[in-house]
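Notes for the one structure printed next.
The values are calculated or read from the model by the stated rules, or taken from the named source; none is laboratory data. These figures come from a predicted structure and were not determined experimentally. Cβ: placed from backbone, ideal geometry, glycine included. Neighbour counts: every protein chain shown. These area figures cover heavy atoms from the full protein model, side chains too; ligands, DNA and RNA do not enter into them. Shrake-Rupley method; radii C 1.70, N 1.55, O 1.52, S 1.80 Å.
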Amino acid sequence: MKKMAIFLVIIVALFVLLGVFTNFKKEEKSKGNPYGKDKLKPATVDQLDDPNYQNLILPEELEQDLQDNEDVTVYFYSPECLHCQKTTPIVAPLAEKLGIDLVQFNLLEFEQGSSDYGIKKTPTIVHYKNGKEQERIVGYNDEETFEKWFKDHDIN
(Lines give C-alpha, C1' and ligand atoms only; values in the text may rest on other atoms or scores of the structure.)
Protein backbone atom coordinates (compact mmCIF):
# COMPACT_ATOMS: atom_id res chain seq x y z
CA MET A 1 0.00 0.00 0.00
CA LYS A 2 2.86 2.33 0.86
CA LYS A 3 4.52 1.67 -2.51
CA MET A 4 1.26 2.49 -4.28
CA ALA A 5 0.97 5.83 -2.46
CA ILE A 6 4.56 6.75 -3.32
CA PHE A 7 3.95 5.77 -6.95
CA LEU A 8 0.82 7.96 -7.10
CA VAL A 9 2.65 10.93 -5.54
CA ILE A 10 5.41 10.60 -8.13
CA ILE A 11 2.89 10.48 -11.00
CA VAL A 12 1.01 13.53 -9.68
CA ALA A 13 4.30 15.40 -9.23
CA LEU A 14 5.31 14.60 -12.82
CA PHE A 15 1.99 15.95 -14.16
CA VAL A 16 2.35 19.11 -12.07
CA LEU A 17 5.90 19.63 -13.34
CA LEU A 18 4.78 19.04 -16.92
CA GLY A 19 2.00 21.63 -16.49
CA VAL A 20 4.38 24.19 -14.98
CA PHE A 21 6.92 23.61 -17.76
CA THR A 22 4.29 23.94 -20.50
CA ASN A 23 2.96 27.15 -18.96
CA PHE A 24 6.50 28.54 -18.67
CA LYS A 25 7.22 27.76 -22.34
CA LYS A 26 4.01 29.54 -23.46
CA GLU A 27 4.84 32.59 -21.33
CA GLU A 28 8.35 32.71 -22.80
CA LYS A 29 6.98 32.42 -26.34
CA SER A 30 4.52 35.26 -25.75
CA LYS A 31 7.14 37.78 -24.60
CA GLY A 32 7.49 40.65 -27.06
CA ASN A 33 4.28 39.64 -28.81
CA PRO A 34 2.61 41.90 -31.39
CA TYR A 35 -0.47 42.31 -29.20
CA GLY A 36 1.33 44.51 -26.69
CA LYS A 37 -0.04 42.45 -23.81
CA ASP A 38 1.87 40.82 -20.96
CA LYS A 39 -0.25 37.69 -20.96
CA LEU A 40 -1.94 36.05 -23.94
CA LYS A 41 -4.48 33.26 -24.04
CA PRO A 42 -2.90 29.86 -24.94
CA ALA A 43 -4.72 29.62 -28.29
CA THR A 44 -3.27 32.99 -29.32
CA VAL A 45 0.23 31.94 -28.25
CA ASP A 46 -0.09 28.84 -30.44
CA GLN A 47 -0.68 31.09 -33.49
CA LEU A 48 2.17 33.56 -32.93
CA ASP A 49 4.45 31.84 -35.45
CA ASP A 50 1.73 30.87 -37.94
CA PRO A 51 2.28 32.79 -41.21
CA ASN A 52 -1.50 33.06 -41.69
CA TYR A 53 -1.81 35.21 -38.55
CA GLN A 54 0.74 37.95 -39.13
CA ASN A 55 -1.33 40.88 -40.43
CA LEU A 56 -2.76 41.85 -37.05
CA ILE A 57 -4.51 45.08 -36.17
CA LEU A 58 -4.94 46.30 -32.60
CA PRO A 59 -8.16 47.94 -31.41
CA GLU A 60 -6.65 51.41 -31.17
CA GLU A 61 -5.20 51.12 -34.69
CA LEU A 62 -8.56 50.05 -36.15
CA GLU A 63 -10.37 52.81 -34.31
CA GLN A 64 -7.88 55.37 -35.63
CA ASP A 65 -8.22 54.09 -39.20
CA LEU A 66 -12.00 54.40 -39.00
CA GLN A 67 -11.83 57.87 -37.43
CA ASP A 68 -9.47 58.90 -40.24
CA ASN A 69 -12.09 57.70 -42.77
CA GLU A 70 -9.73 55.06 -44.16
CA ASP A 71 -10.72 52.09 -46.29
CA VAL A 72 -9.96 48.92 -44.32
CA THR A 73 -10.97 45.28 -44.61
CA VAL A 74 -10.99 43.47 -41.27
CA TYR A 75 -11.06 39.75 -40.56
CA PHE A 76 -12.59 39.32 -37.10
CA TYR A 77 -11.66 35.90 -35.70
CA SER A 78 -11.01 33.93 -32.56
CA PRO A 79 -8.13 31.48 -32.28
CA GLU A 80 -10.50 29.08 -30.48
CA CYS A 81 -13.16 29.17 -33.23
CA LEU A 82 -13.19 25.98 -35.31
CA HIS A 83 -14.71 27.77 -38.31
CA CYS A 84 -11.95 30.41 -38.08
CA GLN A 85 -9.31 27.69 -37.99
CA LYS A 86 -10.71 26.39 -41.30
CA THR A 87 -11.27 29.85 -42.81
CA THR A 88 -7.94 31.54 -42.11
CA PRO A 89 -5.86 29.21 -44.32
CA ILE A 90 -8.28 30.10 -47.13
CA VAL A 91 -8.69 33.87 -46.76
CA ALA A 92 -5.16 34.87 -45.70
CA PRO A 93 -3.44 33.51 -48.84
CA LEU A 94 -6.39 34.54 -51.03
CA ALA A 95 -6.22 38.13 -49.81
CA GLU A 96 -2.49 38.18 -50.47
CA LYS A 97 -3.01 36.74 -53.97
CA LEU A 98 -5.66 39.39 -54.73
CA GLY A 99 -3.56 42.23 -53.28
CA ILE A 100 -5.99 42.89 -50.43
CA ASP A 101 -4.66 44.19 -47.14
CA LEU A 102 -6.84 41.98 -44.92
CA VAL A 103 -6.05 42.96 -41.35
CA GLN A 104 -6.83 40.50 -38.57
CA PHE A 105 -8.60 41.42 -35.33
CA ASN A 106 -8.28 38.80 -32.56
CA LEU A 107 -11.56 38.76 -30.63
CA LEU A 108 -10.21 36.31 -28.04
CA GLU A 109 -7.65 38.88 -26.90
CA PHE A 110 -9.84 41.94 -27.51
CA GLU A 111 -13.36 40.77 -26.65
CA GLN A 112 -14.77 44.30 -26.64
CA GLY A 113 -14.38 44.26 -30.43
CA SER A 114 -17.45 42.03 -30.71
CA SER A 115 -19.77 44.68 -29.33
CA ASP A 116 -17.83 47.63 -30.75
CA TYR A 117 -18.17 46.31 -34.31
CA GLY A 118 -21.37 44.25 -34.07
CA ILE A 119 -19.69 40.88 -34.50
CA LYS A 120 -22.14 38.14 -33.55
CA LYS A 121 -20.34 35.15 -35.11
CA THR A 122 -16.82 34.33 -36.14
CA PRO A 123 -15.31 34.45 -38.60
CA THR A 124 -16.61 37.73 -39.98
CA ILE A 125 -14.96 39.89 -42.62
CA VAL A 126 -16.07 43.52 -42.71
CA HIS A 127 -15.10 46.03 -45.38
CA TYR A 128 -15.10 49.68 -44.33
CA LYS A 129 -15.00 52.44 -46.94
CA ASN A 130 -14.24 55.98 -45.79
CA GLY A 131 -14.46 54.68 -42.22
CA LYS A 132 -18.01 53.33 -42.63
CA GLU A 133 -19.08 49.72 -42.92
CA GLN A 134 -19.99 48.78 -46.48
CA GLU A 135 -20.15 44.98 -46.63
CA ARG A 136 -19.67 41.93 -44.47
CA ILE A 137 -19.47 38.18 -44.92
CA VAL A 138 -20.02 35.83 -41.99
CA GLY A 139 -18.99 32.26 -41.34
CA TYR A 140 -16.98 29.60 -43.07
CA ASN A 141 -17.14 29.60 -46.86
CA ASP A 142 -15.10 28.01 -49.62
CA GLU A 143 -12.39 29.91 -51.47
CA GLU A 144 -14.59 30.60 -54.50
CA THR A 145 -17.23 32.27 -52.32
CA PHE A 146 -14.68 34.51 -50.62
CA GLU A 147 -13.03 35.38 -53.92
CA LYS A 148 -16.40 36.28 -55.46
CA TRP A 149 -17.27 38.39 -52.39
CA PHE A 150 -13.99 40.31 -52.58
CA LYS A 151 -14.38 40.91 -56.33
CA ASP A 152 -18.11 41.71 -56.26
CA HIS A 153 -17.50 44.42 -53.70
CA ASP A 154 -14.37 45.73 -55.42
CA ILE A 155 -12.23 45.16 -52.36
CA ASN A 156 -8.53 45.69 -52.97
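So in region 30-47, with the set limited to residues that are open to solvent by 80 Å² or more (accessible area, probe 1.4 Å) and of a type in the set (Lys, Arg), which one is modelled with the lowest pLDDT? Taking the candidates together, the pick is 31. Candidates 146, 105, 150: the one that is aromatic (Phe, Trp, Tyr), at pLDDT 95 or above and under 22 Å from residue 47 (Cα atoms) is 105.
Can you tell me which of (1) open to solvent by 40 Å² or more (accessible area, probe 1.4 Å); (2) assigned to a loop (DSSP other than H, G, I, E, B); (3) in contact with a helix residue (DSSP H, G or I) (Cβ under 9 Å, 6 or more places away or on another chain) is the one residue 135 doesn't meet? Every condition holds for residue 135 apart from (2). Against the conditions (1) in a helix (DSSP H, G or I); (2) acidic (Asp, Glu); (3) surrounded by 11 or more Cβ atoms within 10 Å (Cβ to Cβ); (4) at pLDDT 95 or above, residue 27 satisfies every one except (4).
Of the residues in region 70-77, at least one is among the hydroxyl-bearing types (Ser, Thr, Tyr), in contact with a Cys (Cβ under 6 Å, 6 or more places away or on another chain) and touching a residue at least 12 places away in the same chain (Cβ under 8 Å).
In region 136-150, the residues that are closer than 10 Å to residue 123 by Cβ form Cβ pairs under 7 Å with partners that are open to solvent by 70 Å² or more (accessible area, probe 1.4 Å) and in a loop (DSSP other than H, G, I, E, B), at six or more places apart or across chains, as follows: 138/121; 139/121.
Just one of the listed residues (70, 147, 143, 133) is among the acidic types (Asp, Glu) and within 15 Å of residue 52 (Cβ to Cβ), and it is 143.
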